[in-house]
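The values are calculated or read from the model by the stated rules, or taken from the named source; none is laboratory data. Keep in mind it's a predicted model, so treat the numbers as computed, not measured. So basically every Cβ, Gly included, is an ideal-geometry build from the backbone, and we count neighbours across all protein chains shown.
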Amino acid sequence: MEWNLKKKWLVMKEYFLFRKDKSVISALVVLLLFEIFLQGGFYKNFLKKNSYASNVNRITDHALGKQSEIDPDILIVGTSLAYEGLSIQTLNEKLKPLNLKAQTIAIPGAELIVQGLALEKVLNKFKRVKYIIHVNEIEMPWTLGIVFSQATLSMASELDRKRAIERLYQDEYKIGFEELTYIILRLWAYRKDIGEFILNPEKRIKDIGKSKKAFKENLYTYENNYIESLSLYKFQDVKDCLKITKDNTNIPPGSNPFHREAIFKTCKLAEESVLSLEENESTKLYHRRLGNFYKLLKERNIKVINVFPPISDYLGSFQYGARVLFWKEKYKDVLGEKIIDLTTAIPKEENESYFYDIVHVNKKGMTVFTEKLSESLLLYFKERQENNAF
Amino acid sequence: MLFNSLHFLLYLPIVLVISNYLKDRNQKIFLLLASFYFYMAWNIHFIWLLLFSIVIDYFAAISIARLEKTDKKRKYYLILSLVTNLGFLSYFKYTNFFLGAVNDLNFINSFRFVEYNIILPVGISFYTFQSMSYTIDVYRGAMEAKKSFIDFALYVSFFPQLVAGPIVRAGTFFRDLENRLIVNLEVIRYSFAQILLGFTKKVVFADNLAIVVDRVFTNYSSLNAIEIWTGVFAFMWQIYFDFAGYTDIAIGVARLFGFQFDINFHFPFNVTSISQHWSRWHLSFSTWIRDYIFIPLGGSKVSRLRTHINVFITFLFAGIWHGAAYHFVVWGIWHSAMISIEREYAQTKLSKFLNEKGGMVYSLFCRIFTMICLGIGLPLFRAKTLTDAFEMLKTMLLINPNSITSSFSNYGYFKLVAFLFITGYIFEKYNLKRMLESQRAFTVFILVNVFMLLCYGVSESQSFIYFAF
């Protein structure tokens, strides 16, 4: 029997020899060394500017890097609605009388899991944080999926990867071999980015210089400076929007192709999102994920303030009023002790002049959103200070 | 089963290991079953069609071989084989085309045939040709009929060449089946390199070029001449990388089982004439139509006019083989016209003079002119309808008013196509065998391919173009 087995292995002898072929071994060693180099985090600086992976690093690292100047009491967490919608500079000026400081780690496109992992990254350093302002995307419970989006995968793998895998199972994501490979192997995760880098290395190197300069010069990660508004495009509803913004032929003065494209994309998203208002598996899953997210904060005795951001009139059909009620009713056991509803904060009159596209505010909208939030926060914090509950 | 699928990446090592442990007849039976499984992974029902074709051709060839050469029954058995194979091919591939053609001719007033929902069995154009060539060769006395049914069935259905060729001749296959190449380290290295290169050609080059090709062929009406020419040349390279990539994988995989299939492509765009192009493009098909259509018609050993007719019939057949649509027919006619004009031109004093004295400049002119001629044929090959193809050609030949006026938006693809032509010329003399002689070169080759697959591979890779033929 033993002899037979040996003989059989000899049949495959040449394949085993190939496995030991010098060229194959050398290639594998080079790949391994390159993977080790990438695991060391040396490539992070070279990631494509404004990619999901780059953004998550830039925003969290900027906040941590500026700790000596802003050691925050309040952290803002959320997606692009918070990133574009709030001016941290203005907010800090407003909060100065109370001797409070705010910082943001809101990341465009970040699902709850990414927001949570980003929070874990910074909370280990930010010991003063007592409040989290969580800017919620109200329609999110109805749009949830168990499958990873590429953006989430990309961002989660930039944060604590061991925790990311734990949290993914905790948040009931469907994880396969490819997702795990993406999170564990840097060569796999960065493959497309490296491909672009090879084709255009000059731009990347210039971008590194620019981002280092921006870090030195700016106290805050980002400030919305977009003055373009929806009012430049005269459309009645989402369908009309899609017609007018479908290509670059009807760009009005004051707008540009990027602005046009942003409006088109958000209108397209609005058109494709046929959302129910019912409680379903998706809303229940969001409830559990929200609970997981806030669990960490409760353990650290950090209070959560939920903020519902302003929405444009074009999203009226999404029944935001009813959705806010749903949140307040169905998620009350997990939501923070304070809810600030600013969905109608933007004036009805010339509503579209406050928005860059049908989802995000422009500079003018940001000013209003920040001021309204500051007013609510001031009232709330004063009340708490008076009650010695701060 | 697609070569560029996870399913195949698991299937191949399993089949390779098991077949290595088996010998002789058991090994052949196992490879046959593995090949049937490979085919059934696409569609379980069409295996019966393949089996039927195998049984008929086996029976026909055995019967032909048993009879005296003067016996007329031999012809009947050959006809049985041809009718069966061409009958299946005609039904599955051409029924709707013929019904549509009858409708277009409007023979019967207001009567229209309805189109049938017929699924084209993958690989049917390849395995029927392979099987037919065997019975024809037996009929001609060019080869002996195989007594072993297993051997013949394996010849028709051997998985590396089953669904998209190369169309392997029976003589080549049985030579290797009886006297298998010893799969030593050198063979494994070569096969590995060829398979890796095949994947790079398909997943990196063909699938990325598909993006620009699809854009151009979908939006041709709003594009100008340069954009369409760019898309057309991109398609030229896409189809080459797609099919040559598939063939590289097929040949490399077959070699791991000890079979040495002939090359199917040899830098087909580095040519100075259309006939030279056909001597380097899809060789297993071009030699098939030469040996089984052009030569039996009399080839070029007949009058000039008759030769042109033979060329016409051969390329008309080539066009129809590629697909059941008018634009493929016109593509075939276009190639036959080019070959005929080329033959006539070759007889002229001017041609002889320029061949002798033209030097580099004439060679370069010939290469560019050949590419333009091939390019003109490609909208006929790729467009959805003949009308679309003609509209594209009008813009390409500056007949349409918007040929020049509409703005050219992307020079990047133009540069890419130019790069492909230049590298095509540079690498012509650089083959895998030379590269494998140096350990360092082989290491670099592996790394470059792996990095290209990682960084530029299209993850949602498309099916191979020739699966549709």
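Selection of segment B:169-215 for residues being of a type in the set (Phe, Trp, Tyr), over 21 Å from the mean Cα position of the chain (by Cα) and away from chain A (no Cβ under 14 Å) yields only B:Phe174. Residue pairs, Cβ under 9 Å, 6 or more apart or interchain, first in segment A:172-200 and outside the structural domain of A:Lys284 (by TED's automatic domain parsing) and closer than 18 Å to B:Met452 by Cα, second assigned to a loop (DSSP other than H, G, I, E, B) and modelled with pLDDT of 90 or more. List them. Close Cβ pairs satisfying both conditions: none exist.
Taking the criterion of being within 27 Å of B:Tyr58 (Cβ to Cβ) and among the aromatic types (Phe, Trp, Tyr), the residues of segment B:80-102 that qualify are B:Phe88, B:Tyr91, B:Phe92, B:Tyr94. B:Arg180 passes every criterion in (1) part of a helix (DSSP H, G or I); (2) in contact (Cβ under 8 Å) with a residue 60 or more places away in the chain apart from (1). Restricted to helices (runs of 4 or more DSSP H) entirely inside segment B:47-116, those with at least 1 residues that are polar (S, T, N, Q) and over 26 Å from the mean Cα position of the chain (by Cα) are B:47-66, B:95-105. Every listed requirement among (1) surrounded by 15 or more Cβ atoms within 10 Å (Cβ to Cβ); (2) more than 14 Å from chain B (Cβ to nearest Cβ); (3) closer than 29 Å to A:Arg186 by Cβ is met by A:Ser23 save one, (2).
Among the residues examined, B:Glu437 qualifies as under 24 Å from A:Leu31 (Cβ atoms), assigned by TED's automatic domain parsing to the domain that holds B:Phe369, of a type in the set (D, E, K, R) and at pLDDT below 85.
Conditions tested, residue by residue: (1) under 30 Å from A:Ala102 (Cα atoms); (2) outside the structural domain of A:Leu342 (by TED's automatic domain parsing); (3) part of a helix (DSSP H, G or I).
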position: A:Asp207; (1), (2), (3): yes, no, yes
position: A:Lys212; (1), (2), (3): yes, no, yes
position: A:Lys234; (1), (2), (3): no, no, no
position: A:Ser282; (1), (2), (3): no, no, yes
position: A:His287; (1), (2), (3): yes, no, yes
position: A:Asn306; (1), (2), (3): yes, no, no
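Candidates A:Glu84, A:Glu93: the one that is surrounded by fewer than 19 Cβ atoms within 10 Å (Cβ to Cβ), farther than 20 Å from A:Asn301 by Cβ and among the charged types (D, E, K, R) is A:Glu93. Scanning segment B:8-60 for residues that are more than 14 Å from every other protein chain (Cβ to nearest Cβ), within 30 Å of B:Leu453 (Cα to Cα) and not aliphatic (A, V, I, L, M) gives B:Phe8, B:Tyr11, B:Ser35, B:Phe36, B:Tyr37, B:Phe38, B:Tyr39, B:Trp42, B:Asn43. When B:Val232 is tested against the conditions (1) more than 14 Å from chain A (Cβ to nearest Cβ); (2) touching a residue at least 40 places away in the same chain (Cβ under 8 Å); (3) closer than 30 Å to B:Met396 by Cα; (4) surrounded by fewer than 24 Cβ atoms within 10 Å (Cβ to Cβ), the lone failure is (4). Considering only residues in segment A:148-173 that are within 18 Å of A:Ile107 (Cα to Cα) and of a type in the set (Ser, Thr, Tyr), the one that is surrounded by the most Cβ atoms within 10 Å (Cβ to Cβ) turns out to be A:Ser154. Restricting attention to segment A:148-162 and to residues that are within 17 Å of the chain's Cα centre (by Cα) and in a helix (DSSP H, G or I), the residue that is farthest from A:Lys192 (Cα to Cα) turns out to be A:Arg161.
Any chance segment A:53-63 includes a residue that's within 14 Å of another protein chain (Cβ to nearest Cβ) and either touching a residue at least 40 places away in the same chain (Cβ under 8 Å) or touching a helix residue (DSSP H, G or I) at 6+ places or on another chain (Cβ under 9 Å) (or both)? No, segment A:53-63 contains no residue that is within 14 Å of another protein chain (Cβ to nearest Cβ) and either touching a residue at least 40 places away in the same chain (Cβ under 8 Å) or touching a helix residue (DSSP H, G or I) at 6+ places or on another chain (Cβ under 9 Å) (or both).
Checked against the criterion of being within 14 Å of chain B (Cβ to nearest Cβ) and part of a helix (DSSP H, G or I), segment A:91-107 contains not a single residue that satisfies it. If the condition is being more than 22 Å from the chain's Cα centre (by Cα) and more than 10 Å from chain B (Cβ to nearest Cβ), then segment A:186-209 contributes A:Asn200, A:Pro201, A:Glu202, A:Lys203, A:Arg204, A:Ile205, A:Lys206, A:Gly209.
All of B:Arg367, B:Arg304 fail the test of being surrounded by fewer than 15 Cβ atoms within 10 Å (Cβ to Cβ), out of contact with any Leu (no Cβ under 6 Å at 6 or more places or on another chain) and more than 30 Å from B:Ser125 (Cα to Cα), apart from B:Arg304.
Cβ-Cβ distance below 8 Å, separation of 6 or more or different chains: which pairs start in segment A:348-371 with a residue that is within 15 Å of A:Phe258 (Cα to Cα) and end on one that is among the charged types (D, E, K, R) and in a loop (DSSP other than H, G, I, E, B)? Partner pairs satisfying both residue conditions: A:Tyr356/A:Glu228; A:Asn362/A:Glu228. Would you confirm whether any residue within segment B:339-361 is in a helix (DSSP H, G or I) and in contact with a Gly (Cβ under 9 Å, 6 or more places away or on another chain)? No, because not a single residue in segment B:339-361 is in a helix (DSSP H, G or I) and in contact with a Gly (Cβ under 9 Å, 6 or more places away or on another chain).
If you go through segment B:440-459 and pick out every residue that is under 17 Å from A:Arg186 (Cα atoms), among the aliphatic types (A, V, I, L, M) and within 8 Å of chain A (Cβ to nearest Cβ), you end up with 3.
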